[in-house]
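The values are calculated or read from the model by the stated rules, or taken from the named source; none is laboratory data. Here the structure is a predicted model, which is why all the values come from computation and not from measurement. We place every Cβ from the backbone using ideal geometry, glycine too, and count neighbours over all the protein chains shown.
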Amino acid sequence: MKLKSVKIAGLLLSVALLLRANSGFAQQPSNLQYVDPTIGSVGLILEPTRPAVHLPNSMVRVFPARADQLDDQIAYFPLTISSHRQNWLFGLMPYSGTINEQAWGQKFTSDNEQIRPDSYNGLLEDNGTKISFTPGAKAGFFEFAFATKEAHYLRFNILNNGEINLENKHALSGVEEFQGMKAYFYAETNVALGDISYQNGQGKKRALIKIEGQASKVAFKYGVSFISIEQAKENLNKEITGWDRAKLQSVATAAWNKVLSQVNVKGGTTAQKRVFYTSLYRSYERMVDINEYGKYYSAYDHQVHSSNRPFFVDNWLWDTYIALEPLQTILNPKMEGDKLNSYVQMYEQSGWMPSFALVFGDNPCMTGNHAAAWFLDSYQKGVRGFDLKKAYEGIKKNSLEATLLPWRNGKATSLDTFYNEKGYMPALKPGEKETVATVHGFEKRQSVSVTLENSFDDWCLAQLASKSGNEADRALFLKRAANYKNVFREDKGFVWPKDSEGNWIEPFDPKFSGGQGGREYFTENNAYTYNWDVKHDLAGLFQLMGGKAKAEEKLDDLFRASLGRSKYNLWYTFPDATGLVGQFVMGNEPSFHIPYLYNYLGAPWKTQKRIKMLLDTWYTDNLFGIPGDEDGGGMTAFVVFSMMGFFPVTPGVPVYSIGSPTFNEMSIKLDNGKTFTVLAKNNSATHKYIQSATLNGKVLNRSWFTHQELTNGGVLTLQMGSLPNKTWGSTNLPPSALNYNP
């Protein structure tokens, strides 16, 4: 009896432990619970985010197509999107009832939606149909549960030129042409399919495919490809076998748990954790690996290539070089090397280093040659796995042989010749008509921004010249790096447009001139923002402003200056200037580094104050929680960095400026197996000021640390208080790029 009792007790204990483990009680709660893809899905003025369901950095990205999250009607679900905000492909929607004119375009009212990175579940309240979706990397799995006894159909919106075909009673395929290339899908269903009907009109094509019998539940699994229908079928077969969607979701959940557990936090509110982990989730939207199990289609030479390495596309580099790519350089340096290698391959395939490397080719958006900054920053932080000499060759070609004009690709124009000779992009006088046909009709010359951003990129090229064995080029690019001085008007204390004769443009209002988006002179922002866009020579900039004291006064004024006009008047002209604090624009990327510049002026307590206020004000855990265009991680990576407690002010200089951490404890699991932790003792909403600091137990009297110190692992301890310590970090200032010696 005694032995039997022991056995029973042991069995019960084993069962209890198993139940406890399976309940999650004994495990660290998953950070996935804090992710809400609907945060920010109502744009303040411009585009909202999309609550995308996908695996990290993967091809299949699905969401309910609607105006925004306040719109309660869904038009369809794209089987994937080829690029953030662009080219939604193969719109799928279940339909029940009679085929009439309404059937082809009817939207359906949604209810009870549950959207997570690894799954979608929702109800169509019109007819009770339940929709579920789970993503793979290059495949996906829908389930439709019908509540009515009517005839049921699969409805496809063919969003571009293309067609849908039945392969057999249980399979169908499709192709769409877009942006000079094609996308394909191959799908299978667990029920028999009947006839297919088409509707054409107004440039749109739709298909209805009847579901035979009285099936109440339909499973639809599919693969996508940019190579062929056969490859789409192969992608499906590799990722989804059988009809167990729960099995696929367990894979998706595990994939998200892995990347979201790279950074763990303690303390803070639930709302702050929701903001943080949702921002981290959005930092995995791009770039996207389109290698399809050993081969990929490249729009850069319109060929299919065999390769066992990832081939990454979809990088809006103007938005992402500032924070997203530096964040991924910390979290996933090997993947960063694969991304950079993809850019080098694109250069080899097309003859030009891309700007916005989308799946359908280079999209020459915005300004600058920011591949220079990205390659340098990654290389300085130890990322390898790409041909540095070939990368330098392509970036140098962009700087010296390509046009610098916004939203244009191609060879240099007469304006670029002027830039090379005079050191600035000339502006037109107010009312003067454009004389160069190559200039984009809407985007204009953006003369000051072009000069400033290329000055920084050419500084990056100077460093890359030395590192790639092209030391003879260094002097040329250092000279070009000083071009920013040619558009800084010292008597006014502002960057200022200059005409081709060397005269300052008059009249000029630093708050408001330049037309729609300031595009005559700037990129989506005004002179108040671009005054600080000299990341590579902050010391030189402060000197032009009259010294550090004067520069600090100007930085204070940025956050306090009035609009000088009504808000509706301002936003009619500057719709990208959202998240305003004075003239500071939280909702646009060129502003991200600006609050941290107080560290460079010996007043880091002001950085601590501003960062805390900006995060609390503009990044909330609701539908309005992102103050500008998110751009696939471009904005939310700023949130991840700032809530962790630091930020990379100058890409290319492996140094991080310390702000004010949101959480009591934050730990990063590094690729090398080490951990970097930030402890904020006595931290709270009011205790936002750093009183003292240690790094690995040693006193730290500077408001910065190096990438090497981060990757060595260890603990940064910050003692927080309610009043600023104005002496901490006031002397040993972060290095500006021109005086940085690694």
Quiz item: Which residue, of Gly729, Gly673, is within 30 Å of Gln463 (Cβ to Cβ), without any contact (Cβ under 8 Å) to a residue 40 or more places away in the chain and of a type outside the set (A, V, I, L, M)?
Solution: Gly673
Quiz item: Any residue in segment 159-169 that is at pLDDT below 95, buried (at least 17 other Cβ atoms within 10 Å of the Cβ), under 20 Å from Ala52 (Cα atoms) and of a type in the set (A, V, I, L, M, F, W, C)?
Solution: yes
Quiz prompt | Residue under evaluation Trp407, criteria (1) of a type in the set (Phe, Trp, Tyr); (2) under 22 Å from Pro590 (Cβ atoms); (3) outside any loop (DSSP other than H, G, I, E, B), criterion not met | solution = (3)
Quiz prompt | Complete set of residues in segment 457-472 that are out of contact with any Gly (no Cβ under 8 Å at 6 or more places or on another chain) and hydrophobic (A, V, I, L, M, F, W, C) | solution = Leu461, Ala462, Leu464, Ala465, Ala472
Quiz item: Which ones in segment 471-525 are part of a loop (DSSP other than H, G, I, E, B) and closer than 20 Å to Lys550 by Cβ?
Solution: Glu490, Asp491, Lys492, Gly493, Trp496, Pro510, Lys511
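Rundown of residues vs (1) over 15 Å from Glu490 (Cβ atoms); (2) surrounded by 22 or more Cβ atoms within 10 Å (Cβ to Cβ); (3) free of Cβ contacts under 8 Å to residues at least 12 places away in the same chain; (4) among the hydroxyl-bearing types (Ser, Thr, Tyr), yes/no style:
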| site | (1), (2), (3), (4) |
| --- | --- |
| Thr523 | yes, yes, no, yes |
| Leu541 | no, yes, no, no |
| Met545 | no, no, no, no |
| Arg560 | yes, no, no, no |
| Arg565 | yes, no, no, no |
Quiz item: Regarding Gly517, is this residue at pLDDT 95 or above, assigned by TED's automatic domain parsing to the domain that holds Ile626, under 24 Å from the mean Cα position of the chain (by Cα) and surrounded by fewer than 22 Cβ atoms within 10 Å (Cβ to Cβ)?
Solution: yes
Practice problem: Sort through Phe442, Phe386, Phe418 and tell me the only one that's under 25 Å from the mean Cα position of the chain (by Cα), of a type in the set (Phe, Trp, Tyr), surrounded by fewer than 17 Cβ atoms within 10 Å (Cβ to Cβ) and in the same structural domain as Asp473 (by TED's automatic domain parsing). | Solution: Phe442
Exercise. Can you give me the ranges of the strands (runs of 3 or more DSSP E) entirely in segment 70-122 with at least 3 residues that are farther than 15 Å from Tyr153 by Cβ and modelled with pLDDT of 95 or more?
Key: 77-83, 108-116
Quiz item: So which residues in segment 93-118 are out of contact with any Pro (no Cβ under 8 Å at 6 or more places or on another chain) and under 30 Å from Ser250 (Cβ atoms), if there are any at all?
Solution: Met93, Pro94, Phe108, Asp111, Asn112, Gln114
